[in-house]
Amino acid sequence: MIPSLLPTYNRVDLAFEHGQGSWLVTAGGERYLDLGAGIAVNALGHAHPALVEALTEQGAKLWHVSNLYTIPQQQKLADKLVDLTFADTAFFTNSGTEACELAVKMARKHWYDKGQPERTRIIGFEGSFHGRSSAGIAAAGGEKLTKGFGPLLPGFTHLPFGDMDGLTNALSGGEVAAVIIEPVQGEGGIRPVPDDELTAIRVACDEAGALLIFDEVQCGMGRTGRLFAHEYSGVTPDIMMVAKGIGGGFPLGAVLATEDAASGMVAGTHGSTYGGNPLACAIGARVVDIIADPEFLNEVNRKAGLLRQKLEGLVAAHPNVFDAVRGTGLMLGLKCKAPNTDVLTACYGAGVLCVPAADNVLRILPALTIEDEDIAEAITRLETAAKAVEGQTQ
C-alpha cells in the first residue's frame, strides 16, 4: 500500500523541531551540527534574526498578489542583482529547477528571434545536475536522472567533464543555442571547473556564436567565497541560474541575463504564479544585502580556510576512510575510500549532518555564518564518525 507521502525520497529517520545558527534540534532534544544547510540553502543558518525580521515584517503586510501587478519588492531585488552582477535583467522563480526551464527557453527563443530557429541544441557535461524537470534531466543526461522518463526532451548533447576538444567539435555545426555548465559541480561530487577551462568555454562559445549558461544554483550566493563562483575566473555568462542560498531557506530562484540573451523573452513568453512574490523577494533582498557585503565574504573565506585545514588533517589521520578534500570556499567535499553511505550513517550517529554526492563524496556545505567553535566541533564529530567506520572494517 502506497504511503500518503509519495515515496520518492530515501529519508533518514530524523525529524527536527527547531534550529538556531548551525544547529538543528529534534523533538527529543538531540542536537545535530548541520554541515548540509538544507543542501546549500540555509546560507545564513537557521533562524537568522535579520531573515526572521524580514519575514515577519513583510508577512504582516502582503504575501501574494500575482504578477498581474507591479511588485515593489521584486523590483528592489532585481535592481540589487543587476547592480552586483553581469546581468541587465532578472526573472524570479521558486526554485533552481524552474530557473533551468527558463534558461533553456530563453536560449532557444533568443536564436528563434534572431532568425536562426535551427539553433536549438544545448550542450551539457557529464556529472552535472540541473534539477529534475524534463528540461533539467535532459540537460544533465545521467542515467540515474533519466531512466524510465523517456522520451526525453530532445536537443541536448552531453560531453565528458572537461572535454574541451569535444566541445569545440560539438559547437562547429551551427545548431548550438547554448552551453550549460556548473562552475562547481555539486551533485557530481564537488568538482570545480578550472578557471582556464571556463575561459576556454567562453572563448569557444563566442567563436561559435553560442550563448553560455552558468548554473550557480548550488555554488552561488557566497558559497565559494565570492558572490558567484564564476567571478574567480573573470568569465561572465550570458544567462545564469540562481536559487538555493538566495532565499536563505525560503523558496526563491532567479534567472539573470544580459539584455541580448533575454531579448526574445517579451510579454507572454514566460510566467509564474508564485515567482517573485512579495514575501520571497523581501527575504531575498535581505539575504543579498548580507552576503554581498565584502566583509561578510572575507569572513566566509577565512572560515573556509580554517575548515579546509582541519579537514585536511582529518583525512591525513584516517587514510582508510578518506582520500582527499576537494572544492572551494564553504563548498567542500570529502572524497571517501570507505563507501560514503557508511560514512554518512556514522556521521548521523555522531550528531553531524552532511550530504552525499556522486564519486563517493560527502559534501560539507555549512552555513556561511558557521562559528569557529562549531567548525572545531564539526571536526570532533567527523573524527568520531571516522573511528566508527574504521571499527566496522577491523
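Bear in mind these aren't lab numbers, they're just calculated from the coordinates by the rules spelled out. Since this is a predicted model, take the numbers as computed values, not measurements. In this analysis, Cβ positions are derived from the backbone assuming ideal geometry, glycine residues included, and neighbour counts consider all displayed protein chains.
Using 0.36 nm per residue, how much length does the chain from GLU259 to GLN309 gain when fully extended, once their Cα-Cα distance is taken away?
13.8 nm
Backbone phi angles across the range 153-158, fed through the Karplus curve with coefficients 6.51, -1.76 and 1.60 (θ = phi - 60°), yield HN-Hα couplings of 4, x, x, 10, 10, 10 Hz in residue order; Gly and Pro are listed as x. I want to make sure I understand the PRE zone here: with the label point 7 angstrom from the Cα of LEU153 toward its beta carbon, which residues in the range 243-260 have backbone N atoms less than 15 Å away? What the label zone holds, given the 15 Å backbone N cut-off, is 255.
Close amide H partners of ALA43, meaning residues 5 or more places away or on another chain with modelled amide H under 5 Å apart, are GLY248, GLY249.
Given their separation in residues at 0.36 nm each and the Cα-Cα distance between them, ASP113 and ARG31 gain 24.0 nm when the chain is fully extended. Across the range 362-371, rounded Karplus estimates of 3J(HN,Hα) from the backbone phi angles (6.51 cos²θ - 1.76 cosθ + 1.60, θ = phi - 60°) give 10, 7, 10, 10, x, 4, 5, 9, 3, 7 Hz, Gly and Pro being marked x. Loop-resident trypsin sites (Lys or Arg not before Pro) (DSSP state other than H, G, I, E or B) in the range 128-177 with no more than 12 further Cβ atoms inside 10 Å of their Cβ: LYS147. Legend: calculated FRET efficiency, GLN75 to THR384, from the Cβ-Cβ distance at R0 = 45 Å, rounded to 0.05, equals 0.35. Note that the range 97-111 has calculated 3J(HN,Hα) couplings of 4, 5, 5, 5, 4, 5, 4, 5, 4, 4, 5, 6, 5, 3, 6 Hz, one per residue in order, obtained from phi through the Karplus relation 6.51 cos²θ - 1.76 cosθ + 1.60 (θ = phi - 60°); glycine and proline are x. A helix-only calculation puts the chain at -11500 deg cm²/dmol for mean residue ellipticity at 222 nm, using -39500 (n - 2.57) for each DSSP H run of at least four residues, averaged over all residues. The stretch between GLN20 and GLU143, if pulled fully straight at 0.36 nm per residue, gains 40.5 nm over its current Cα-Cα span. For the range 342-359, the residues whose backbone nitrogen is under 16 Å from a point 7 Å from the Cα of ALA324, taken along Cα to Cβ, are 358-359. For the range 50-291, the number of Lys pairs with C-alpha atoms closer than 30 Å, counting only pairs eight or more positions apart or on separate chains, is 19.
So for the pair ASP165, ASP13, with labels modelled 7 Å out along Cα→Cβ, what separation do we get in nm? Inter-label distance under the simple model: 5.3 nm.
Just to check, using Stokes-Einstein with a Kirkwood Rh over alpha carbon pairs, what's the diffusion coefficient of the range 50-291 at 10 °C and 1.306 mPa s in µm²/s?
Here the translational diffusion coefficient equals 88 µm²/s.
Applying the criteria of a DSSP loop state and at most 11 other Cβ atoms within 10 Å to the trypsin sites (Lys or Arg not before Pro) of the range 39-89 yields LYS61. Across the range 114-262, Cα pairs under 8 Å and at least six residues apart give a relative contact order of 19 percent. Dividing the mean sequence gap of close Cα pairs (under 8 Å, 6+ apart) by how many residues the chain holds gives a relative contact order of 23 percent.
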